[in-house]
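Just below is one structure, and these are the notes that go with it.
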2 protein chains.
Amino acid sequence: MKLSVHFTPVGLSSNMIAGRPVLVVDILRASTTIVAALANGGRAVLPAASAEDALKLAQNLERDDVLLAGERRLEKIPGFALGNSPLEMTPETVGGKTLVMATTNGTPALLAAEAGRPVIIGAAVNFTAAAEAAARAFEEAGELTILCAGREKQFALEDAYAAGRFAQAIVPGKLRRRLEMNDAAIAARELVRRYGTKWTSALNASAAARDLKALGFRADLKFAAEPDRYEVVPILNDRRVTLPERG
Amino acid sequence: MKLSVHFTPVGLSSNMIAGRPVLVVDILRASTTIVAALANGGRAVLPAASAEDALKLAQNLERDDVLLAGERRLEKIPGFALGNSPLEMTPETVGGKTLVMATTNGTPALLAAEAGRPVIIGAAVNFTAAAEAAARAFEEAGELTILCAGREKQFALEDAYAAGRFAQAIVPGKLRRRLEMNDAAIAARELVRRYGTKWTSALNASAAARDLKALGFRADLKFAAEPDRYEVVPILNDRRVTLPERG
């Protein structure tokens, strides 16, 4: 059994993950926001590599069904309907809609993971459900890659902590001795020793949290740190993130 | 006071470090090997981006004074005089010579750091001396970047541990409360809590150590884990790594 953590998508090639299970985390905020959007009735989220790419993708869809969402430097992209805040993803706003989403770190991570099978989107807000889905995939495949979005191609504490939390939840105690972990998985585990099971402590220590607070997104931070608010497990397949268990 | 750790050179732009102190670590093995080469009488080490680049650089130097050194996939580059093993850097071999060196991770990290001032090369084998030089630079500048070479653009445990060790040695206890650390510095510190002051434990847990052992470089690993074998502090300046205190 093999567990690999990647702190950023840099250096992850599709042949490393093609056909193999991947869990993508971008706690602050894209994976939290995607979970909220789909849990609240959004039909699908289409990750876009850039604002321009989002506009192109949206042009191929029925105008009334689509919402553009995303951020640059944490703020909503000008002209887009939504930013990247999970609090914007209310049933009234996203119900029945397809979101085309461009964010700085989260959507590039999803696109880097898309050769995986399945590609599971995890956050604190769907922690238990996502961990259970990832554990099933891990048992079947005998391996799992946890891909952190990171920040600007660099290490992000909140995602690394989340990777550690997922790793701990996914790998049964009896397997831990036989488990092959990469260097990043070892380091992620240490962050769990440090911060324990308090999402708030780990998230608040991160640079992303400081920046979100400075821009008035304190409520997003609180939302992102609340575990198991939802039981949905978003899956990326064929460039669309949906809740396939809904059929 | 600001302390930044980067687990890989990816995303580090020269304007982030131009004119500011940088400590470069590639414990397995380039920074260890460079320290050994200069401590044993090597005149200079010139980092090259690739084997081709190394050949070009060597052409501009007196043939008798130059040794080509470097590795691809841990093994010596065909046609080069030396690999990337610190054990090759004996006084008989490197005394008075200029080494032109191309390695997979270490020399790209040095080239990424070259806008810094000073650019200090640190390893376990010159730990105390390098930490003292970095501490002086940190106090003067009010900031320090510790750049890990990493492996193939990804996190490497042994370099992250080394970054944590240097961070701990460099920042006086009284300053720690006022210290601004980036996310990677926080995580590096946790690795020191985990592995304590035993370089061997941290190094042996790394993927690089497993690969070195598999290829017969067990002695390199032991050498790299022995702290303070040397008191020299290599400095990169104008594309040359030398021991400037020698005048």
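The values are calculated or read from the model by the stated rules, or taken from the named source; none is laboratory data. All figures in this text were calculated on a predicted structure; none of them were measured in a lab. Counting neighbours? That spans all protein chains shown, and the Cβs are built from the backbone with ideal geometry, glycine included. For the accessible areas, the whole protein counts, side chains as well, though only heavy atoms, and no ligand, DNA or RNA atoms are used. Shrake-Rupley method; radii C 1.70, N 1.55, O 1.52, S 1.80 Å.
Some values worked out for this structure:
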item	result
Among A:T93, A:T107, A:T128: highest mean-square fluctuation, GNM of chain A, C-alpha pairs under 10 Å	A:T93
Per-residue ³J(HN,Hα) for segment B:220-227, Karplus 6.51 cos²θ - 1.76 cosθ + 1.60, θ = phi - 60°, Hz, x for Gly and Pro	4, 5, 5, 4, 5, 8, 8, x
Kirkwood-based shape ratio for segment A:103-247, expressed as Rg/Rh from alpha carbons	0.95
Shielding by partners, peptide A:147-160 (average Cβ within 10 angstrom, other chains)	4
Mean ellipticity per residue at 222 nm, deg cm²/dmol - from DSSP H runs of n ≥ 4 across the protein assembly as shown, formula -39500 (n - 2.57)	-11000 deg cm²/dmol
Other-chain or far-sequence residues with amide H under 5 Å of B:V66's (modelled H)	B:T98
Share antiparallel - DSSP beta bridges, the protein assembly as shown, percent rounded to 5	25
Relative contact order (%) - segment B:120-247, alpha-carbon pairs under 8 angstrom, separation at least six	39
Choice from A:N84, A:N105, A:N15 showing the highest fluctuation, given a GNM over chain A with Cα pairs closer than 10 Å	A:N15
Chain B: angle of helix B:183-195 to the longest principal axis, Cα-based, in degrees nearest 10	80
log10 of Debye I(q)/I(0), alpha-carbon scatterers only, for segment B:2-239 at 0.11, 0.13, 0.16 Å⁻¹	-0.49, -0.70, -1.07
Beta bridges per DSSP with both ends in segment A:48-103, % antiparallel, nearest 5	25
Segment B:2-239 - percent relative contact order, Cα under 8 Å, separation 6 or more	34
Minimum 40 Å² accessible area buried by the other protein chains, segment A:166-212 residues, probe 1.4 Å, relative to alone	A:D183, A:I186, A:E190, A:R194
Antiparallel bridge percentage (DSSP; both residues within segment B:2-239; nearest 5)	15
Shielding by partners, peptide B:8-19 (average Cβ within 10 angstrom, other chains)	2
Cross-link pairs A:K213/B:K153; B:K76/B:K97; A:K153/A:K222; A:K153/B:K56; A:K76/A:K222; A:K198/A:K222 - those with Cα-Cα distance over 21 Å	A:K213/B:K153; A:K153/A:K222; A:K153/B:K56
Cut-off 14 Å between beta-carbons: net charge of the residues surrounding A:L215, Lys and Arg +1, Asp and Glu -1	+3
Total accessible area lost when A and B pair, probe 1.4 Å, Å² to nearest 100	1900
Net charge dipole size for chain B [Lys, Arg +1 and Asp, Glu -1 on Cβ; Debye, nearest 20]	660
Kirkwood Rh, Cα atoms: Rg over Rh of segment B:197-247	1.12
Mean accessible surface per residue for the protein assembly as shown, computed with a 1.4 Å probe while every protein chain stays in place, in Å²	42
Debye intensity ratio in log₁₀ form over the Cα atoms of the protein assembly as shown, taken at each q of 0.09, 0.10 Å⁻¹	-0.63, -0.76
Within the accessible area of chain A (1.4 Å probe), percent carbon and sulfur	47
For segment A:104-160, convex hull volume per residue from C-alpha positions, Å³	84
